[in-house]
Amino acid sequence: EQLVESGGGLVQAGGSLRLSCAASGRDITLYTMGWFRQAPGKDREFVASINWSGTSTYADSVKGRFTISRDNAKNTVYLQMNSLKPEDTAIYYCATDQSPFGRLSPPKVYWGQGTQVTVSS
């Protein structure tokens, strides 16, 4: 399973970015997909996930600002990030369960290489 993220970059506070994660190697239909992030000097933290039935879950810090979605036909998951804050600055990692119908619980996940998101104040 290979995950390739794109869409990161530099944006001013209050701006928006849309991250994409393209999966290859298997059909993602039965798998929970999600996003984590890691800021400098901090642990990697959960951001959002979407399961096989389309149910999404968010960290409290991003609720109401971020939206996760998936396009199974394109084997891709997205993260729309609005009203960005400087504290959203981090490397964002796409992740997927190693087994179908999972709960996206590390360490039993596959990771992408990460994409940098920087929000300036």
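The values are calculated or read from the model by the stated rules, or taken from the named source; none is laboratory data. Remember, it's a predicted structure, so these values are computed and weren't measured experimentally. Here the Cβ positions follow ideal geometry from the backbone for every residue, glycine too, while neighbour counts run over all protein chains shown. When the accessible area is computed, the model is the full protein with side chains, heavy atoms only, and any ligands, DNA or RNA have been set aside. Shrake-Rupley method; radii C 1.70, N 1.55, O 1.52, S 1.80 Å.
Most fluctuating residue of Lys42, Lys63, Lys108 in a GNM of the chain with Cα springs under 10 Å: which is it?
Lys42
Counting Lys and Arg as +1 and Asp and Glu as -1, what is the net charge of the other residues whose Cβ lies under 12 Å from the Cβ of Tyr93?
0
Using the beta-carbon distance between Lys42 and Ser121 and R0 = 22 Å, what value does 1/(1 + (r/R0)^6) give for FRET efficiency, to the nearest 0.05?
Efficiency for this residue pair is about 0.75.
When only the heavy atoms of the protein chains count and the probe is 1.4 Å, how do Lys74, Lys85 rank by accessible area, highest first?
The ranking, largest first, comes out as Lys74, Lys85.
Using a 10 angstrom cutoff on alpha carbons, build the Gaussian network for the chain and name the most mobile of Ala59, Ala95, Ala23.
Ala59
Could you sort Val4, Val47 by accessible area so the largest value comes first, with the probe set to 1.4 Å?
Per-residue accessible area, sorted high to low, gives Val4, Val47.
So if we plug the beta-carbon distance of Asp60 and Asn82 into 1/(1 + (r/R0)^6) with R0 = 22 Å, what FRET efficiency do we get, rounded to 0.05?
The formula returns an efficiency of 0.85 here.
Let me spell out the model: positive unit charges on the Cβ of Lys and Arg, negative unit charges on the Cβ of Asp and Glu, origin at the Cα centre of the chain. What dipole size does that give, in debye rounded to 20?
It comes to approximately 100 debye.
What is the sum of charges, Lys and Arg at +1 and Asp and Glu at -1, for the other residues whose Cβ falls under 12 Å from the Cβ of Ile28?
Once positives and negatives cancel, what remains is -1.
I'd like to know which of Ser121, Leu10, Pro40 lies farthest towards the positive end of the charge dipole of the chain, counting +1 on Cβ of Lys and Arg and -1 on Cβ of Asp and Glu.
Ser121
Accessible area per residue for the chain in Å², computed with a 1.4 Å probe and the full protein assembly in place, what is it?
Per residue, the chain has an accessible area of 51 Å².
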